[in-house]
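Here the structure is laid out as structure tokens; the discussion comes afterwards.
The values are calculated or read from the model by the stated rules, or taken from the named source; none is laboratory data. Nothing here was measured: the structure is a model prediction, and the numbers come from that model. Every residue, glycine as well, gets a Cβ built from its backbone with ideal geometry; the counts of neighbours run over all protein chains shown.
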């Protein structure tokens, strides 16, 4: 029974019963329903077609290009007061638009979008763009750790309330739902009250830490003990020096009493007594002699803390040697700069990967791309009849003949055992051991999976007296970029491409602690002076401070615009210096977690940093073939607000020492405050 038959039966029933008015109303309503149904049959296909076309347009690749282009044009045309804050939003939106296009399979559109706008971000994010440039398919997004970390983390952007309201108003007025969705998912705004900040391109304004800004602030509020170890050799020497000063003071008072008695006898005797008194006073108060002591505001004034690790026992003869060096230490300052001894590697053919200098400057090590580690004993080289420079991989026959006259063909000790380039080397404080880190050359081309063969992502321990490899420490799954002995020896730390740093002891083949938290490679590592903390620098443009005992991150330092390549701790343990790929050095206060001041002067990568023994000077070595000396005492007194207002008078280096054509790869202040440097002569030289 169809619908028409049912309607016919209803009409017949109403007519039979005499419901004429009801029948009339029923017929009118039935006729109206037919008209409405006919209209709907015409409109519904058009509406469906319109909705379908809108869905196709909204999900198409053009919406990313158009949305970002509108946002970019609006930001660049904004008022200068708000422009630099609004421009901070462009980079996170740009990379996520690109990755979303790739994830949806629009590869060609993604490449066109990337090439159209990459120039806007090359100045500050060139290395990140170079990594993303290799993304050619959705599978690359899953395999590349950098892309994975970007999609899993949020950018923290500092912006004032006015700029934030302007941004939201623009997105809603232009109906940029695509861009609004990206911002909502991948950006965490830190809205600050008041006017926009006065610094354009503030490096702290856009950061990627893997945690929210509140979490980072909470980490930086943790208590740390940045002082020096109790009962250290320096403290013993200071106490001995204080006792010696008291003794000399008593002798001086006795002499003064004798001189007073001689005054009564004759005037000449009084003058002579005064003369003797002045000589004694000058000898006791001299600060430039061999027994110069640290200034009160540097190492001596640092608080003392207890060690969290078991400290190794120092042999008596070694302790006496160190104390002798400390007694003969020269006091350095802005008016008393150090002497510099530079070791140049020749004929390396760009094969030198790293260099290291022992604490007394007597041993120099070089790690090479052919997986070899070479150590030169400078004391033996000084005894040669012809003082030659360090030779790299290929020695000339002339040098072999010269060395042959004294009974040896090599001027270095060769350590072989790695199967990949040697990326870092570190001498123990005494110099009897050396650590080296490497990577397997056969697995360098693919990092998507841990290598299954020829695993040499290891750290090796060598004995410089036996000239032999003692232990191979394996634990990292990827290349180990850096390794550093602790200030007391026995313990060491390693940094790897696997985004972790690890703490080891010489007597164990397994790591004691694993520090995980960086979003990219951990490129460098440095121990704190009291051995209770280590600092790590990463390609994610952050520096982190870790507690050795708990393995927790206790500080996150944000401010660099490129990957961190070098770290150095001040001798008193309060300050830390970090150098990046752009040539910027930043001085940090460990207690507050804030940047004290940036040191700007290098034009290329800062590969190495070193503090003088009393902490008054900082030396930096760069790929721009210069060594720079900085006045730390004046730099640390400069408030960050002064630096932001443009006062950079105190940020200039004290002295620049250029080399002929040798990038500086290693620096070391000896215990006597002599500065050693090393590097390989480039082809341009």
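A few points about this structure:
- Evaluated against (1) part of a helix (DSSP H, G or I); (2) buried (at least 19 other Cβ atoms within 10 Å of the Cβ), residue 156 falls short on exactly one condition, (1).
- Residue check, residue 556 at pLDDT below 95, in a strand (DSSP E or B) and more than 22 Å from residue 666 (Cα to Cα): yes
Yes/no per residue for (1) closer than 19 Å to residue 229 by Cβ; (2) surrounded by fewer than 22 Cβ atoms within 10 Å (Cβ to Cβ):
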{"residue": "464", "(1), (2)": "no, yes"}
{"residue": "467", "(1), (2)": "no, yes"}
{"residue": "499", "(1), (2)": "no, yes"}
{"residue": "522", "(1), (2)": "no, no"}
{"residue": "529", "(1), (2)": "yes, no"}
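- All of 483, 488 fail the test of being crowded, with 24+ Cβ neighbours inside 10 Å and in contact (Cβ under 8 Å) with a residue 40 or more places away in the chain, apart from 483.
- Selected residue [modelled with pLDDT under 85 and either farther than 15 Å from residue 101 by Cβ or crowded, with 19+ Cβ neighbours inside 10 Å (or both)] from 172, 148, 121: 148
- Residues of the range 60-76 satisfying the condition of being closer than 15 Å to residue 110 by Cβ and touching a helix residue (DSSP H, G or I) at 6+ places or on another chain (Cβ under 7 Å): 61, 63, 64, 65, 67, 68
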